[in-house]
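Below: the structure, in structure tokens.
The values are calculated or read from the model by the stated rules, or taken from the named source; none is laboratory data. For clarity, every value in this text was computed on a predicted model and none was experimentally measured. A quick note on method: Cβ atoms are made from the backbone with ideal geometry, for glycine too, and the neighbour counts reach across all protein chains shown. Side chains included, ligands, DNA and RNA excluded: accessible areas come from the protein's heavy atoms. Shrake-Rupley method; radii C 1.70, N 1.55, O 1.52, S 1.80 Å.
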Amino acid sequence: MKVFLDSIGCRLNQSEIEKFAMQLRAAGHTIVGSATEADWVVVNACAVTAEAASDSRQKVRQAARAGVQDITVTGCWATLEPQAALALPCVRQVVTNDLKDHLVAERLGVPVAQFDLEPLAREPLPGLRQRTRAFLKVQDGCDNHCTFCITRLARGRGRSRSVEEVLMDARMAQAGGVKEIVLTGVHLGSWGQDFSPSLHLYDLVRALLEETNLPRIRLSSLEPWDLDERFFSLWQNPRLCRHLHLPLQSGCAETLRRMARKTSPDSFARLVEMARKAAPEMAITTDVIVGFPGESEAEFLESLAFVRKVGFAGGHVFNYSARPGTPAARLSGAVPPEIRRRRSAKMREAFHEASKNFAAPFIGKVVEVLWESTDGLGPDGWRLHGMTDHALRISALHGQPLWNEISRVRVTGWAEDGLSGEIV
């Protein structure tokens, strides 16, 4: 059977479809790069915003238009609106998040334990989704109560995978040629808190650094209240990527209170200072929501000023999207769409300026780049595109179409999509 796996949204969704691919390959099936080649399509849907839910529905319709008669929908949107997912064209099955780990085994009629007997190397997915890094799901669910978030309802309570399971996944990824793994979870920083005795994410990362020789280990999004000074001591090991994504959501204390976020601008600033003390070139990126209910112009300007003050390496800006079932959807003080759009443009401009300011000091330095893709061959060679451990995008020319290799590169200036350089 030929199977196409598609995903919308977070890195956790990507990690899950990579696991599906590994299980299907172990059972002798073929993973293809597009729906037009497939007998069966699985769409791992997202519901974090109304736009993500719309994109999820669109992915299903695209697969149906490609002629696929057998579509399975899973993920957060399918969990929250299973009947709506089942009503889409050619959808034969909806699998909610609590049953997702058994999706492939149930479809093939085999025990899920069979896939752990002789695990295969974790390989990149074919087609446009081919990647040089592997996303490893180490945690799922969330016990926070941020008022805007629908994911907690779709994913359930927080639960962690064991150190042994994660180490096995990491070794399989390396056996497949992966140079970088990314640890993912809904609330990654809570990893280990559900164990008895409890552990901390520090313990998992230390185990990966000590018991594997993967060239790079990267962390996905971490809530800013889960980290301490001991955690930052891990960056003494250069294999841990100097990049932290710490969702801020707002730089205004009052807005954060309405969001029920367990942080404040002052505590967030102290955390950033701690991170930069441990690793002076640490790239810190974030998420910010604009137009949250009750956000006045003064609150927005306070948030904007804080973003400028911190000096992020980049960030994502989201217009507030009311999600039915969340406390924020019942708050008064809705911000008109035109004001949300204006605020979004200003915040994006601030992040663009901040990212340029972070990247500029690297011009003239030598960095290590993991090559991810090429534009093709030109008169001066292959145009390569890759990323540093600080998540800086670098392009360079070379005589060979390098892919999934790490090179030392001298940064020479600016490029259209980041920085340019030359391989040393």
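Taking 4.7 Å between beta carbons as the limit, the unpaired Cys residues of the chain are 10, 46, 76, 90, 142, 241, 252. In the chain, if the dipole is taken from +1 on Lys/Arg beta carbons and -1 on Asp/Glu beta carbons about the Cα centre, which of 219, 153, 382 is farthest to the positive end? Most positive-ward Cα: 153.
Derived scalar couplings between HN and Hα for the stretch 300-316 equal 4, 5, 5, 5, 4, 5, 5, 4, 5, 5, 5, x, 5, 7, x, x, 9 Hz in order, rounded to whole Hz, by the Karplus curve 6.51 cos²θ - 1.76 cosθ + 1.60 (θ = phi - 60°), x for Gly and Pro.
If you take the beta carbon distance between residue 400 and residue 360 as r and set R0 to 30 Å, what does 1/(1 + (r/R0)^6) give as a FRET efficiency, to the nearest 0.05? Each step should come with its number before you reach the end.
Numbers: r = 29 Å, r/R0 = 0.98.
That pair, residue 400 with residue 360, gives E of 0.55.
Over the stretch 205-348, accessible surface divided per residue gives 43 Å², non-protein components excluded, 1.4 Å probe. Springs join every pair of Cα atoms under 10 Å in this Gaussian network model of the chain, and among 175, 87, 350 the largest mean-square fluctuation is at 87. Helical content of the chain, expressed as a calculated mean residue ellipticity at 222 nm, amounts to -10000 deg cm²/dmol (DSSP H runs of 4 or more residues, -39,500 (n - 2.57) each, divided by residue number, nearest 500). With the charge dipole of the chain set up from +1 on Lys and Arg Cβ and -1 on Asp and Glu Cβ about the Cα centre, the Cα lying farthest toward the positive end among the listed residues 360, 182, 45 is that of 360.
One chain, two ends: residue 55 and residue 375. Fully extended at 0.36 nm per residue, the span grows by 112.5 nm beyond their Cα-Cα distance. Annotation: amide H-H contacts under 5 Å for residue 45 (H modelled 1.01 Å from N, sequence separation of 5 or more, or interchain): 74, 75, 76, 77, 78. Normalised per residue, the accessible area of the stretch 5-85 is 35 Å², obtained with a 1.4 Å probe and no contribution from ligands, DNA or RNA. Ordering 63, 84, 110 by Cα displacement along the dipole of the stretch 2-115 toward the positive end leaves 63 in first place; charges were set at the Cβ atoms of Lys, Arg (+1) and Asp, Glu (-1).
Using a cut-off of 11 Å between beta-carbons, work out the net charge of the residues near residue 202 (Lys and Arg +1, Asp and Glu -1, residue 202 not included).
Details: positive: 206, 230; negative: 203, 226, 228, 229.
Taking every Cβ under 11 Å from that of residue 202, the sum is -2.
In Å, the Kirkwood hydrodynamic radius of the stretch 2-115 over pairs of distinct alpha carbons?
Numbers: mean 1/r = 0.0724 Å⁻¹.
Here the Kirkwood hydrodynamic radius works out to 13.8 Å.
Can you tell me the equivalent ellipsoid semi-axes for the stretch 161-243? Use √(5λ) from the Cα gyration tensor, largest first, whole Å. Display every interim value, and only then the final one.
On the way: eigenvalues 78, 46, 27 Å².
Computed over the stretch 161-243, the values are 20, 15, 12 Å.
Both the radius of gyration and Dmax for the stretch 134-361 are 18.3, 53 Å, in that order, over alpha-carbon atoms. Dipole size of the stretch 1-54 about its Cα centre, with +1 on Lys/Arg Cβ and -1 on Asp/Glu Cβ: approximately 180 debye, rounded to the nearest 20. For the chain, a simple Cβ point-charge model (Lys and Arg +1, Asp and Glu -1, everything else neutral) yields a dipole of about 620 debye relative to the Cα centre. Among the protein heavy atoms of the chain, carbon and sulfur supply 50% of the accessible surface, probe 1.4 Å, non-protein parts ignored.
If you plug the beta carbon distance of residue 276 and residue 415 into 1/(1 + (r/R0)^6) with R0 = 22 Å, you get a FRET efficiency near 0.25. Shape class for the chain, computed from the alpha carbon gyration tensor (a ≥ b ≥ c): rounded, with a/c under 1.5.
Taking the centroid of alpha carbons for each part, the stretch 343-363 and the stretch 374-400 are 23 Å apart.
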